[in-house]
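Structure record follows, encoded as C-alpha cells.
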Amino acid sequence: MNPGDNPARPAAIPEPAFADLLTAYRDPHRHYHDIGHIEAMLAELQDCRPLLHDAEAVELAIWFHDAIYDAAAPDNEERSADLARQVLGRRLGQGRLERVATLILATRKHELAGDVGPQERADMAYFLDLDLQILGAEAARFDAYEAAVRREYAHVPETAWRIGRAAVLQRFMARPRLYFSDLFAERLEERARANLARSLAKLTEGEPPQASV
C-alpha cells in the first residue's frame, strides 16, 4: 500500500461508517492509536490468518477496537464495542457480532476472557498479541511508541504519569508470559521484556520503588 492510500475496507463495514473510522483514526490528537497502529495490526494479521478460527471477527475487531479513543475517558472499549454493534448489527450474525465485541472488550485489561469457548479464546490470544506487538519492536521504534503515548496523555502531570505508567508496565512484567500465543512469544517476548525493563528504569528513576497508582 502506498503512503496516503486507504486500507482495504472490510465488506461488513458500510462505506460511510468506514469513512468515519478513517477520519477518527487520522485525528491529529492521536499520536499512537491512529491509522498507523491499525495498519500495523492488519499487516501482521496476514501471518496469523491461517491460524484463526474466525479471521473476519478478528479483522473487524482490529478496525473497531480503538474507534473511540479519549485518553481521559475510562470507557473507550465499551463505547468502541457498542459502535461495532451499531455499525455491524445488520451485516453480521449475532454470534459473530458478539465475538467482535468480546474481542474489543478484552483490550480493557489485555487478558484472555475466561467465559468464552476454546476457539474464541485462541483467536483472542492472537488479537491481543497483535495489539501489543509494539512492545517487542526494535528499541528505537518502541521508544517512539512510548513518546507518542505520552503525548496522548499530555493532560496528565509528569509525576502522575510516571507512577501510573510504571504500574501498568509492572503488571505486564509480572505475567509469566507477555504474549499469549506461541507465535508472538517466540518472536517478540525477549525483546519486549527488555524494552519494558528499560522503560521502567526511566520511569522510576528517583522515585520510591513502592510507588503505585
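The values are calculated or read from the model by the stated rules, or taken from the named source; none is laboratory data. Everything quoted here is computed from the prediction, not taken from an experiment. In this analysis, Cβ positions are derived from the backbone assuming ideal geometry, glycine residues included, and neighbour counts consider all displayed protein chains. Surface accessibility is based on the protein's heavy atoms, side chains included, excluding ligands, DNA and RNA. Shrake-Rupley method; radii C 1.70, N 1.55, O 1.52, S 1.80 Å.
Miscellaneous remarks
- Residue 171 paired with residue 73, simple spin-label distance in nm, labels 7 Å along Cα-to-beta-carbon: 2.0 nm
- The GluC sites (Glu not before Pro) found in the range 44-143 that occupy coil by DSSP, while having at most 15 further C-beta atoms within 10 Å, are 111, 138.
- Across the chain, counting alpha-carbon atoms alone, Rg and Dmax equal 17.3, 54 Å.
- In terms of packing, defined here as the mean over residues of other Cβ atoms within 10 angstrom, the peptides 143-150, 102-109 line up highest first as 102-109, 143-150.
- Using a cutoff of 8 angstrom between alpha carbon atoms and counting only pairs six or more residues apart, the relative contact order for the range 1-89 works out to 27 percent.
- Cα-projected label distance for residue 112 with residue 201, points at 7 Å along beta-carbon direction, nm: 3.2 nm
- Using equal-weight Cα scatterers in the Debye expression, the normalised intensity of the range 98-206 in log10 at q = 0.11, 0.19 Å⁻¹ is -0.38, -1.03.
- Under the Karplus curve 6.51 cos²θ - 1.76 cosθ + 1.60, θ = phi - 60°, whole-Hz ³J(HN,Hα) for the range 177-186, x wherever Gly or Pro sits: 8, 6, 9, 7, 9, 4, 4, 7, 4, 5
- Structural descriptor for the range 61-155: relative contact order 24 percent, calculated from alpha carbon pairs under 8 angstrom and at least 6 residues apart.
- Per-residue HN-Hα couplings for the range 60-77 [Karplus 6.51, -1.76, 1.60; θ = phi - 60°; Hz; x = Gly/Pro]: 5, 5, 4, 5, 9, 5, 10, 4, 9, 9, 10, 4, 9, 9, x, 10, 4, 5
- Using C-alpha pairs under 8 Å with a sequence gap of at least 6, the mean separation divided by the residue count of the chain gives a relative contact order of 19 percent.
- Principal axis dimensions, largest first and in whole angstrom, of the range 140-191 by Cα: 37, 23, 13
- Solvent-accessible surface of the chain, taken per residue with a 1.4 Å probe and all protein chains present: 51 Å².
- Share of carbon and sulfur in the accessible heavy-atom surface of the chain [1.4 Å probe, %]: 52 percent
- Exposure ranking of 153, 126 by accessible area [1.4 Å probe, largest first]: 153, 126
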